Every structure is written in C-alpha cells, then in structure tokens.
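This report refers to the structure that appears directly beneath it.
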Amino acid sequence: MLWIDTLGTDPSAQALDVEPGCASPSQVPGWISAKLKAHPHELAIIYTTLSEWSQVQADVASLPSSMRSQIRWWIADPTGTPHMVPGAQATQYYWGSSYDISLAEPDF
C-alpha cells in the first residue's frame with residue numbers, strides 16, 4: 001500500500017496523484033524537490049494519466065538530473081489488458097468499481 005498525496009502538499013507521502021481534481025502538473029517539480037530534500041534517499045513516485053504524462057515530464061525537465069533519477073512513473077492506461085507503458089515503472093491497466101489493478105517493475 002502506498003501513501004498518496006492528492007493535493008501536492010505532503011512531501012512525506014510516497015506518491016503524488018497528478019490528474020484532474022488532484023495535484024496539477026505544475027505542482028510536480030516543487031513536490032519532488034520538497035520530498036527529496038526532506039527524504040533524500042527515497043523515490044518520488046508520480047501517478048498520472050497517459051494523456052497528462054508528457055506535460056508532467058516537461059514540467060520536471062528543469063529539475064537536477066540527480067532528482068529526476070529518483071522519479072518513478074506510475075501511469076494510468078486503463079485498457080483492461082495487463083501491460084506496461086514504455087518508460088513507466090508501473091502501469092494501472094484496470095479500473096474497477098471497487099478496485100484497480102497495476103503492474104509494476106521491481107524498482108518501483
């Protein structure tokens with residue numbers, strides 16, 4: 001189970017939810033920076049939709065490479081079929097009425 005920040009205000013959380021109604025792509029660099037300054041040996045997991053991922057990647061491009069190397073991408077692509085989105089470390093491929101399913105790589 002992951003502790004997920006939905007507002008971009010809690011850098012102690014393990015992941016940040018970046019989608020409509022939650023944190024915005026422009027909040028991601030500040031959240032990652034605050035998280036990794038407070039917890040330099042942790043990972044910064046960013047959960048976002050496939051459609052927003054390119055904007056989020058563009059927004060974090062200005063972060064130092066040392067911080068970018070600690071980002072793990074968890075991408076929502078609910079096709080219903082198990083798969084990994086290329087470049088992501090986890091993919092949420094199923095949205096159910098009472099549960100969701102994701103695949104994740106070991107370094108996630």
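Since every read-out is calculated from the coordinates, none of them should be taken as a lab result. These numbers were taken from a predicted model, which means no experiment stands behind them. So basically every Cβ, Gly included, is an ideal-geometry build from the backbone, and we count neighbours across all protein chains shown.
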Which of (1) crowded, with 18+ Cβ neighbours inside 10 Å; (2) over 12 Å from the mean Cα position of the chain (by Cα) does Ser66 not meet, given it meets every other one? (1)
All but one of (1) surrounded by fewer than 18 Cβ atoms within 10 Å (Cβ to Cβ); (2) outside any strand (DSSP E or B) hold for Leu103; state the number of the condition that does not hold. (2)
Residue count, the range 9-39 (criterion: crowded, with 17+ Cβ neighbours inside 10 Å, farther than 17 Å from Gln70 by Cβ and touching a helix residue (DSSP H, G or I) at 6+ places or on another chain (Cβ under 8 Å)): 2
Of the residues that sit in the range 90-100 and are hydroxyl-bearing (Ser, Thr, Tyr) and closer than 13 Å to Ala76 by Cα, which one is surrounded by the most Cβ atoms within 10 Å (Cβ to Cβ)? Thr91
